[in-house]
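Since the structure comes first, as structure tokens, the remarks are kept for the end.
The values are calculated or read from the model by the stated rules, or taken from the named source; none is laboratory data. Because the structure is a prediction, the values reported are computed rather than measured. No Cβ is skipped: glycine too gets one built from the backbone with ideal geometry, and neighbour counts run over all protein chains shown.
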Amino acid sequence: METDREVDAASLAAFRALFGLLMAGAAVRFWAKGWIGALYVEPAFHFTYWGFDWIRPLPGWGMYAVFAGLIVTALAVALGLLYRWAIALFFVLFTYVELLDQATYLNHYYLVSLLALLMCFMPLGRSFSVDARGQGALRAPRWCLWTLRAQLGLVYVFAGVAKLNADWLIEAEPLSTWLAARSDLPGLGALASIDGFAHLMSWGGAVFDLAVPLALLHRRTRPFAYAGVVGFHLVTGAMFQLGMFPWIMALLTPIFFSPSWPRRLWTSLPRGAPRPSRTLPRWGAWALAGWFAIQLALPLRHHAYPGQLLWTEEGLRWSWHVMIVEKSGHLELTARDRATGERWPIDPSEDLTFAQRRMMATSPDMLLRYAAHVRERWAARGRDVAVHADAWVAMNGRRSAPLVDPEIDLAAQPDDLAPRAWVTRRPAP
Amino acid sequence: MKKVAVLALLLASCDAEPAYDRAAMLESLSDVVAVPAYRAFEAEAETLAGATGALCEAPSEETLGAARDAWRGARTAFKRTEAFGFGPAMERRIDGAVDFWPTRVTNIELAIRDAGPFEPAWFESAGTSVKGLPALEYLLFDPARTDAELLARLGEEPRRCAYVAGLGGHVAAQASLLVEAWQPGYRDMLVTDDPHASVSLMINHLIAVLEDVKLNRLSKPLGLDGAAPDPEAVESPYAGHDVAGMLATLRGVRDAWTGDRGGVEGIGLDDYVASRDPELAADVTRRLDDVVGLTEAIDPPLRDRITEGRTNEAEQLHQALRETQRLFAADVAMTLAVTVTFTDNDGD
């Protein structure tokens, strides 16, 4: 029997177990692909985040130890073993890794950090866990269920809102470009060649994102909605290299189902409520309200910046603009001696990996950080230099255009959250 | 069911244009451009092997002249293949074995003095700095010596002579390896494996080739890298084959773009880009024609022009290469959804 404040703990326990297993798998995959070394150990320079410049990678084996810690804590979360400690440590380690370099930012990694932080405050280790040893509460606070649903729902809704723009709806870009590029995939080629298919997919994708949280909650629409979730993520996973993202979304969205959904798969799960679960204290309610206020404000903050968001990228991160832009850039950096006026090209390959250079070519934020680094590097050799960028970017089917003012000394620009006057505001028409 | 029927009707009422046939394009690029280019290199390299062998057997003005001509022919032919250097040339490190530069004169002289015997097996295991066309260039064109001195050394030093002949033979062997690797193995893999990955590989490689010409063959010798102009930093400084080498490389890039070669019209990357953006395809073709034209306008050798301070044409070429590279790295890459990258981290 469910009360107003309690629900069957089964779906939350399943969420915890799936989350832990997915994260352990993600960390093992990251290790196996050699990305720990390639992304965190080998680069001589890291694009830290504004306000988090003090975060640095550990030397050599240290980063491998961090990932070992991630695997262990994720498995402990899955099992519900020392849950509170495990999820707290997992959150710290995972978020530390994510804050190391903007070049590795992915929306779904951000989502993992958010979910892990929320889970730190949830008693998810009290049910169906090693910690509970079969004696735990089989009821869980309702707020936990709805908090996780709301957090996942926001991702879909904001991803849907982000698609309500002319590129996506009128030009069907970048989907049109992507479908043409992947027309060799079995089945997709025939569909992609149909005139209007890209538009249909674009509009369908927007409607899907906006509607799926509600459709998953409603019992009658749930089977179709979940089939849609699985199908959507399977197709996008096949088309693009999305890593764990399709798995995360497909395996965590059952949290929208009835709280007892795991019992339909495992009828032998224990029932009953040996211990009542704790209710949300008043401060907790306020904290949650504050949390979601931030979660609503962050994705909307880009409205405070002039220009086209996907071009300027001011307010782009943490706003769930998922897979709606295709950008390629070409960047040439020049140093100018402030005293003599002498100019010479800067070769970023001296201290950036190819992936970092590719990201920097289209990201004003990263350009600014690197320009400051170049200035410091030359200052150490006794030269006071200005740094100029000739950066051209092509976006969503448009021809390339300058991203920044090439006459501006990037190394002299303030690194703050104000709109960047040196960034052009829009792509080519 | 109604919704499904409406969707089916909607789709059925739309016109269906077949997706661009990238496999056909890759097949044409391989058969019309890449493989013939490697065959041409193989033929020139065989001529070179014969000419260096003849020079060693009977050093004379005639055999030296023939070896030099053969060297120029082989180098031009190899440079023309560079646009396809992403395949076996790179994977089997044949590009380094044929064309490692700058030339390491000390290493070459040490090898002649101490190493050997200069059989094919020795060249197989030797480091890239002591073999290939640049090493042979030093031995055939050394500007510090007169032709008579060069010939006298070859006549008096059997080891030097054997080394020259061995180098020619090794280049020919590498050329044959490239042809064998392309036809049919690599050619088939390129065509039948993931066509999107093949196109990405090609575009990335063309960007890298343009960067190499711009940075290593122009920026450094012209002093556009912040340092003083350095005439000796040109590629092929001994033979003065700097402009000819760049021209062959850039003609090769244009071949890969247009899909045409030697009067044979094929399907090129331009056709694929034109299927998405005809204006962009025309722009890139124009730009590549400009780049080739500007290279032809440089009075060779570039080294001498730098010494004289007459570098206007070369600087124009440098600027045109920048713009061409930008078109590939930004516009073409975006239009074809090519990721300009050498790593495979996830997206979003």
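So how many residues does region A:346-361 have that are at the interface with another protein chain (Cβ under 9 Å from one of its Cβ atoms) and polar (S, T, N, Q)?
Number satisfying all stated conditions: 1.
Looking only at region A:94-131, count every residue that is in a helix (DSSP H, G or I) and hydroxyl-bearing (Ser, Thr, Tyr) and tell me the total. Write out each step before concluding.
From region A:94-131, those in a helix (DSSP H, G or I) are A:94-98, A:102-104, A:107-120; that's our starting set.
Filter again for hydroxyl-bearing (Ser, Thr, Tyr), leaving A:95-96, A:104, A:109-110, A:113.
Within region A:94-131, residues that are in a helix (DSSP H, G or I) and hydroxyl-bearing (Ser, Thr, Tyr) number 6.
How many of the residues making up region A:58-117 are within 14 Å of chain B (Cβ to nearest Cβ) and either more than 25 Å from residue A:12 (Cβ to Cβ) or of a type in the set (Ser, Thr, Tyr) (or both)?
10
Consider residue A:389 against the criteria (1) crowded, with 19+ Cβ neighbours inside 10 Å; (2) over 22 Å from residue B:224 (Cα atoms); (3) more than 10 Å from chain B (Cβ to nearest Cβ): it satisfies all of them except one. Which criterion is unmet?
Of everything listed in (1) crowded, with 19+ Cβ neighbours inside 10 Å; (2) over 22 Å from residue B:224 (Cα atoms); (3) more than 10 Å from chain B (Cβ to nearest Cβ), residue A:389 misses just condition (2).
Could you check residue A:339 against (1) of a type outside the set (D, E, K, R); (2) exposed (fewer than 14 other Cβ atoms within 10 Å of the Cβ); (3) part of a helix (DSSP H, G or I) and say which number it fails?
(3)
Identify the residue in region A:256-272 that is in contact with a helix residue (DSSP H, G or I) (Cβ under 6 Å, 6 or more places away or on another chain) and part of a loop (DSSP other than H, G, I, E, B) and, among all such residues, is surrounded by the fewest Cβ atoms within 10 Å (Cβ to Cβ).
Ranking the candidates gives A:260 first.
Conditions tested, residue by residue: (1) of a type in the set (Val, Ile, Thr); (2) farther than 23 Å from residue B:271 by Cβ.
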{"position": "B:169", "(1), (2)": "no, yes"}
{"position": "B:182", "(1), (2)": "no, no"}
{"position": "B:186", "(1), (2)": "no, no"}
{"position": "B:190", "(1), (2)": "no, no"}
{"position": "B:199", "(1), (2)": "yes, no"}
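Assess whether residue A:124 counts as being touching a Phe, Trp or Tyr at 6+ places or on another chain (Cβ under 7 Å) and either under 19 Å from residue A:11 (Cβ atoms) or more than 9 Å from every other protein chain (Cβ to nearest Cβ) (or both).
Considered against the rule, which asks whether it is touching a Phe, Trp or Tyr at 6+ places or on another chain (Cβ under 7 Å) and either under 19 Å from residue A:11 (Cβ atoms) or more than 9 Å from every other protein chain (Cβ to nearest Cβ) (or both), residue A:124 comes out as yes.
It is to be established whether one or more residues within region B:189-203 are closer than 30 Å to residue A:358 by Cα, without any contact (Cβ under 8 Å) to a residue 12 or more places away in the chain and outside any loop (DSSP other than H, G, I, E, B).
yes
Tell me which residues, restricted to region A:399-417, are surrounded by 20 or more Cβ atoms within 10 Å (Cβ to Cβ) and either hydrophobic (A, V, I, L, M, F, W, C) or within 26 Å of the chain's Cα centre (by Cα) (or both).
So in region A:399-417, the residues surrounded by 20 or more Cβ atoms within 10 Å (Cβ to Cβ) come out as A:400, A:403-404, A:410-411.
Once the filter is applied, which keeps residues that are surrounded by 20 or more Cβ atoms within 10 Å (Cβ to Cβ) and either hydrophobic (A, V, I, L, M, F, W, C) or within 26 Å of the chain's Cα centre (by Cα) (or both), region A:399-417 yields A:403, A:404, A:410, A:411.
Take residue A:319 and tell me if it is closer than 25 Å to residue A:10 by Cα and either modelled with pLDDT of 95 or more or in contact with an Asp or Glu (Cβ under 9 Å, 6 or more places away or on another chain) (or both). Spell out how you get there, then give the answer.
Working: closer than 25 Å to residue A:10 by Cα: no; either modelled with pLDDT of 95 or more or in contact with an Asp or Glu (Cβ under 9 Å, 6 or more places away or on another chain) (or both): yes.
It is false that residue A:319 is closer than 25 Å to residue A:10 by Cα and either modelled with pLDDT of 95 or more or in contact with an Asp or Glu (Cβ under 9 Å, 6 or more places away or on another chain) (or both).
Name every residue in region B:309-324 that is polar (S, T, N, Q), within 14 Å of chain A (Cβ to nearest Cβ) and crowded, with 17+ Cβ neighbours inside 10 Å, in order of residue number.
Within region B:309-324, B:324 is the sole residue that qualifies.
Taking helices (runs of 4 or more DSSP H) that do not extend beyond region A:160-247, which have at least 1 residues that are more than 13 Å from chain B (Cβ to nearest Cβ)?
So the answer is A:166-169, A:197-217, A:222-239.
So the check is Cβ under 7 Å with 6+ separation or different chains; which pairs have a first residue in region B:268-292 that's touching a residue at least 40 places away in the same chain (Cβ under 8 Å) and within 13 Å of chain A (Cβ to nearest Cβ) and a second one that's acidic (Asp, Glu) and surrounded by 22 or more Cβ atoms within 10 Å (Cβ to Cβ)?
Correct list of pairs: B:280/B:331; B:284/B:270.
Kindly provide the set of residues from region A:325-342 that are within 9 Å of chain B (Cβ to nearest Cβ), touching a residue at least 40 places away in the same chain (Cβ under 8 Å) and not hydroxyl-bearing (Ser, Thr, Tyr), ordered by number.
Within region A:325-342, A:326, A:327, A:329, A:330, A:331, A:332, A:335 qualify.
Please pick out the residue among A:376, A:332 that is surrounded by fewer than 21 Cβ atoms within 10 Å (Cβ to Cβ) and either on the phi > 0 side of the Ramachandran plot or in contact with a strand residue (DSSP E or B) (Cβ under 9 Å, 6 or more places away or on another chain) (or both).
A:332
Considering region A:283-300 alone, what residues qualify as being free of Cβ contacts under 8 Å to residues at least 24 places away in the same chain and surrounded by 14 or more Cβ atoms within 10 Å (Cβ to Cβ)?
Of everything in region A:283-300, just one residue is free of Cβ contacts under 8 Å to residues at least 24 places away in the same chain and surrounded by 14 or more Cβ atoms within 10 Å (Cβ to Cβ), namely A:298.
Let's see how each residue does on (1) among the β-branched types (Val, Ile, Thr); (2) modelled with pLDDT of 95 or more; (3) not in a helix (DSSP H, G or I):
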| site | (1), (2), (3) |
| --- | --- |
| B:23 | no, no, no |
| B:28 | no, yes, no |
| B:32 | yes, yes, no |
| B:39 | no, yes, no |
| B:43 | no, yes, no |
| B:48 | no, yes, no |
| B:55 | no, yes, no |
| B:63 | yes, yes, no |
| B:72 | no, yes, no |
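What are the pairs, 6+ residues apart or on separate chains, where a residue within region A:302-314 that is on the phi < 0 side of the Ramachandran plot has its Cβ under 7 Å from a residue that is aromatic (Phe, Trp, Tyr) and surrounded by 18 or more Cβ atoms within 10 Å (Cβ to Cβ)?
Close Cβ pairs satisfying both conditions: A:312/A:305; A:314/A:305.
Being touching a Gly at 6+ places or on another chain (Cβ under 6 Å) and either modelled with pLDDT of 90 or more or of a type in the set (Phe, Trp, Tyr) (or both) is the requirement here; does residue B:128 meet it? Don't jump to the end; show me each part of the working.
Numbers: touching a Gly at 6+ places or on another chain (Cβ under 6 Å): yes; either modelled with pLDDT of 90 or more or of a type in the set (Phe, Trp, Tyr) (or both): yes.
For residue B:128, the condition - touching a Gly at 6+ places or on another chain (Cβ under 6 Å) and either modelled with pLDDT of 90 or more or of a type in the set (Phe, Trp, Tyr) (or both) - is met.
List pairs: first in region A:166-186 and β-branched (Val, Ile, Thr), second crowded, with 20+ Cβ neighbours inside 10 Å, Cβ under 6 Å, 6+ apart or cross-chain?
Matching pairs, first to second residue: A:177/A:326; A:177/B:337.
Given the residues A:7, A:41, which is the only one that is more than 20 Å from the chain's Cα centre (by Cα), of a type in the set (A, V, I, L, M) and surrounded by fewer than 20 Cβ atoms within 10 Å (Cβ to Cβ)?
On the way: A:7 fails: surrounded by fewer than 20 Cβ atoms within 10 Å (Cβ to Cβ).
Only one candidate qualifies: A:41.
Being within 17 Å of residue B:33 (Cβ to Cβ), hydroxyl-bearing (Ser, Thr, Tyr) and either away from every other protein chain (no Cβ under 14 Å) or over 18 Å from the mean Cα position of the chain (by Cα) (or both) is true for just one of B:186, B:238. Which residue is that?
Step by step, each of B:186, B:238 is checked, and only B:186 is within 17 Å of residue B:33 (Cβ to Cβ), hydroxyl-bearing (Ser, Thr, Tyr) and either away from every other protein chain (no Cβ under 14 Å) or over 18 Å from the mean Cα position of the chain (by Cα) (or both).
Given the residues A:376, A:332, A:342, which is the only one that is acidic (Asp, Glu) and in contact with an Asp or Glu (Cβ under 7 Å, 6 or more places away or on another chain)?
Exactly one residue qualifies, and that residue is A:332.
Could you pull out the residue among A:357, A:420 that is in a loop (DSSP other than H, G, I, E, B), touching a residue at least 24 places away in the same chain (Cβ under 8 Å), surrounded by 16 or more Cβ atoms within 10 Å (Cβ to Cβ) and not hydrophobic (A, V, I, L, M, F, W, C)? Break it down into steps so the answer makes sense when it comes.
Numbers: A:357 fails: in a loop (DSSP other than H, G, I, E, B).
One residue alone meets the criteria, A:420.
Counting just the residues of region A:87-111 that are surrounded by 23 or more Cβ atoms within 10 Å (Cβ to Cβ) and under 25 Å from residue A:142 (Cβ atoms), which one comes out nearest to the chain's Cα centre (by Cα)?
By that ranking, first place goes to A:90.
Taking the options B:181, B:228, B:239, B:256, name whichever one is surrounded by fewer than 21 Cβ atoms within 10 Å (Cβ to Cβ) and touching a residue at least 40 places away in the same chain (Cβ under 8 Å).
Details: B:228 fails: touching a residue at least 40 places away in the same chain (Cβ under 8 Å); B:239 fails: surrounded by fewer than 21 Cβ atoms within 10 Å (Cβ to Cβ); B:256 fails: surrounded by fewer than 21 Cβ atoms within 10 Å (Cβ to Cβ).
Step by step, each of B:181, B:228, B:239, B:256 is checked, and only B:181 is surrounded by fewer than 21 Cβ atoms within 10 Å (Cβ to Cβ) and touching a residue at least 40 places away in the same chain (Cβ under 8 Å).
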